[in-house]
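Take a look at the structure set out below.
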Amino acid sequence: MQSVPSPSSTLGERPRIAPLPAPERPDPVRDRWREPMRRAIDEAALATATGDVPVGAFVLGPDGSVLGRGHNVREAVGDPTGHAEVVAIRQAANAVGEWRLSGCTLVVTLEPCTMCAGAIVLSRLDRVVYGALDPKAGAAGSLFDVLRDNRLNHRPEVIPGVLADECTAQLRAFFDTHR
Ligand SMILES: [Zn+2]
């Protein structure tokens, strides 16, 4: 368990990342996704080797099998769309042989941006589980809520804040050393 600063000491200092949430209480829905989120955190750590922001994502099939995984590769390959979610969704679509990912779950360490939320809707994922909130760019409840917009034809279940403290600490540690 990494030690993280208290919310009161960090509020307002890191505008790109949400303040640390209150300590997580037992929650059966969230608890179910803690282990996959731990794996996404490990995946996110791979991004820092190329100076990319540590965000990691997995696409899990209906039976929990890993269909796709990815971390941010924007710097690594010079691609503005190289977000962890897009990488994982592409890999999963290749694995199942079609664009529809119905029945699947995306697990990602940071709240998806508008681009990734769009990709999630287009791929018909059933569920999105995320860790840290992103008040500056999040499109899953923070800045926008693309995933639960009634005007769109697909609305996945959204489970926010799984291991949010660890996901936030990982991002903070990166920005502390790289910015
Ligand atoms: Zn994104």
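Read-outs: derived from the displayed coordinates by stated rules, not from any lab. This one's a predicted model, so the numbers in the text were calculated from it and none came from an experiment. Here the Cβ is made from the backbone with ideal geometry for all residues, glycine too, and neighbour counts use every protein chain on show.
Of note:
- Residues ASP52, ASP126, ASP31 arranged by fewest to most Cβ contacts within 10 Å: ASP31, ASP126, ASP52
- Sorted by Cβ neighbour density within 10 Å, fewest at the top, the residues GLU111, GLU43: GLU43, GLU111
- Applying the Karplus relation 6.51 cos²θ - 1.76 cosθ + 1.60 with θ = phi - 60° to the range 81-91 yields 3J(HN,Hα) values of 9, x, 8, 3, 5, 5, 4, 5, 5, 4, 5 Hz, where x marks Gly and Pro.
- The HN-Hα couplings worked out from phi for the range 100-107 by the Karplus form 6.51 cos²θ - 1.76 cosθ + 1.60 (θ = phi - 60°) are 7, 10, 4, x, 9, 10, 9, 10 Hz, whole numbers, x standing for Gly and Pro.
- Beyond 17 Å, the tail of the calculated P(r) for the range 29-179 holds 56 percent of the Cα pairs.
- Theoretical FRET efficiency, 1/(1+(r/R0)^6), r = Cβ-Cβ of ARG32 and LEU152, R0 25 Å, to 0.05: 0.45
- Helical runs assigned H by DSSP (4 residues or longer) give the chain a calculated mean residue ellipticity at 222 nm of -9500 deg cm²/dmol, each run adding -39500 (n - 2.57) before division by the residue total.
- Amide H to amide H distances under 5 Å link GLY68 with VAL59, where only residues 5 or more positions off or on other chains count and H is placed in the peptide plane.
- Phi angles of the range 136-142 translate, via the Karplus equation with coefficients 6.51, -1.76, 1.60 and θ = phi - 60°, into HN-Hα couplings of 8, 9, x, 10, 10, x, 8 Hz per residue; Gly and Pro are given as x.
- Ranked SER142, SER102, SER123, criterion: other C-beta atoms within 10 Å, fewest first: SER102, SER142, SER123
- Annotation: amide H-H contacts under 5 Å for VAL129 (H modelled 1.01 Å from N, sequence separation of 5 or more, or interchain): LEU106, VAL107, VAL108, ILE159.
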